[in-house]
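Following: one structure in C-alpha cells, then a few remarks.
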Amino acid sequence: MLNPADARRASSIAVTGRLRHARAMLARQTLLRVLAGWAGAALLLAGLLPSALAAPTVVRLSNGEWPPFMSAARPGGGVVTQIVTEAFAQEGIKAEYEYLPWKRALSDAANGRLAGSVGWSRTAEREPLFYYSQPILEAPELLFHLKTQALPWRTMDDLYKKTIGGGLGYYYGDEFENAEKAGRIHVERVVNDEQNLHKLLAGRIDAAVINVHVGYDLLATRFSTADAARIVADGRPVRVGQWHLILSRKLAGNQQLMASFNRGLAKLRGSGRLAQLMRGLEEGR
C-alpha cells in the first residue's frame, strides 16, 4: 500500500500526464484546422487563378485620324492601329482606343489620363514625357506639288522663295524644322494634310509636305479624279520618318508595359505578320 506522500505524487503525475495529453490533442487539432484552412485556401486559389490569368490586361490609348495609318473608319483602325492591337495581343494585353483631336490625344497621354498614344515621331520635347516603342512604321515624307509647276530642289535653301504647307504639331525632321525657325523657308501650317492639298490646287502654296501613303490615300478618297491627276509627289524625301507607340512616364508600370509591347512587336516581325500588314498598305488595301 502507498503511503500518503507516494499517493499524492502518483496522483500528481497522473494529472500532469492527462494535461500533457490534452495539450497535445489540442495542439494536434489546431494544427489540423490550420492545415485544413491552408488546403482550402490553396484549392480556392487554384480555382481562381486560371480565370484571373486568362483575363487580359487592358491598356487604354489615345488615337486620331491619319488615314490610312490610323482612322476609326478603317478596318482594324488603320494599319498602325492594327499593328499596335496585334502586338499587345501577343502578350495577352487588350488595347482600347479613344479617337481624339491630335493635340488632346497627346496631352491626355502626357498627363496620364490615358496610358499612351499611337503613331508619334520622336522629338526632343516629347522625350522627357514618354517611353518610345521600337518603330512601328517607317515611310518617306515628300513634297506634293502641281504637275504644271516643277519643283527642283536638293537642299532647304532651294525652297527659300517657296511657300510650303505643313501640319500644326507635325514634325518633319531637324533640317526642315531648323530651316523654318531660321526663316530660310516659309511654312504655312494648317490642321490637316487635306487642307494643304486644297490650298495647293487653289495656288495658295507651292508645295505641301505629306507622308507618301497619306498623300496618295487622300487624293484617291477625298478628291475628284481630275483634281488628283493635277498633283504629284517629288521623289526626294524631306525626311524618312519613323512612328512609334508612346506611353506616359507618369504611370507606374508603363516601362514594363512598353517592354511587353516591344516583345509582341518582335513576334509579329518574326512571324512575317508585320510584313504582311505593310504589304497590304503598299497595295492600297
Point to revise | Residue in segment 67-75 that is more than 18 Å from L274 (Cα to Cα), buried (at least 16 other Cβ atoms within 10 Å of the Cβ) and without any contact (Cβ under 8 Å) to a residue 60 or more places away in the chain present | key: yes
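Does segment 172-190 contain any residue that is hydroxyl-bearing (S, T, Y), without any contact (Cβ under 8 Å) to a residue 60 or more places away in the chain and out of contact with any Pro (no Cβ under 6 Å at 6 or more places or on another chain)?
no
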Point to revise | Search result, residues across segment 93-122 that are under 13 Å from the mean Cα position of the chain (by Cα), among the hydrophobic types (A, V, I, L, M, F, W, C) and assigned to a loop (DSSP other than H, G, I, E, B) | key: L114, A115
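Got a sec? Which of A89, A105 is more than 25 Å from V191 (Cα to Cα) and modelled with pLDDT of 95 or more?
Values: A105 fails: more than 25 Å from V191 (Cα to Cα).
It is A89.
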Exercise for review: Tell me which of these Y170 doesn't satisfy, since it passes every other one: (1) in contact with a helix residue (DSSP H, G or I) (Cβ under 9 Å, 6 or more places away or on another chain); (2) surrounded by fewer than 21 Cβ atoms within 10 Å (Cβ to Cβ); (3) more than 14 Å from W66 (Cα to Cα).
Suggested key: (3)
Practice item. Scan (1) touching a residue at least 60 places away in the same chain (Cβ under 8 Å); (2) small (G, A, S); (3) in a strand (DSSP E or B) for the single condition S62 breaks and write down its number. Key: (1)
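Conditions tested, residue by residue: (1) buried (at least 16 other Cβ atoms within 10 Å of the Cβ); (2) assigned by TED's automatic domain parsing to the domain that holds D174; (3) among the acidic types (D, E); (4) touching a residue at least 60 places away in the same chain (Cβ under 8 Å).
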site: K94; (1), (2), (3), (4): no, no, no, no
site: Y97; (1), (2), (3), (4): yes, no, no, no
site: W102; (1), (2), (3), (4): yes, no, no, yes
site: A105; (1), (2), (3), (4): yes, no, no, no
site: D108; (1), (2), (3), (4): yes, no, yes, no
site: A115; (1), (2), (3), (4): yes, no, no, yes
site: V118; (1), (2), (3), (4): yes, no, no, yes
site: F130; (1), (2), (3), (4): yes, no, no, yes
Check your understanding: For segment 175-209, which residues satisfy the criterion of being assigned to a strand (DSSP E or B) and either over 11 Å from M156 (Cα atoms) or not assigned by TED's automatic domain parsing to the domain that holds L143 (or both)?
Key -> V187, E188, R189, V190, A207, A208, V209
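Can you tell me which residues in segment 239-285 are in a helix (DSSP H, G or I) and acidic (D, E)? Let's see the steps before the verdict.
First pass over segment 239-285, keeping only residues in a helix (DSSP H, G or I): 254-271, 273-282.
The one that is in a helix (DSSP H, G or I) and acidic (D, E): E282.
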Study note, to complete from the structure: Being closer than 24 Å to G64 by Cα and buried (at least 18 other Cβ atoms within 10 Å of the Cβ) narrows I210, I205 down to just I210
Check your understanding: Is at least one residue of segment 139-150 under 19 Å from the mean Cα position of the chain (by Cα) and either under 30 Å from Q82 (Cβ atoms) or surrounded by 15 or more Cβ atoms within 10 Å (Cβ to Cβ) (or both)?
Key -> yes
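The values are calculated or read from the model by the stated rules, or taken from the named source; none is laboratory data. No experiment lies behind these values; they were computed from the predicted model shown. Every residue, glycine among them, receives a Cβ derived from its backbone with ideal geometry; neighbour counts consider all protein chains shown.
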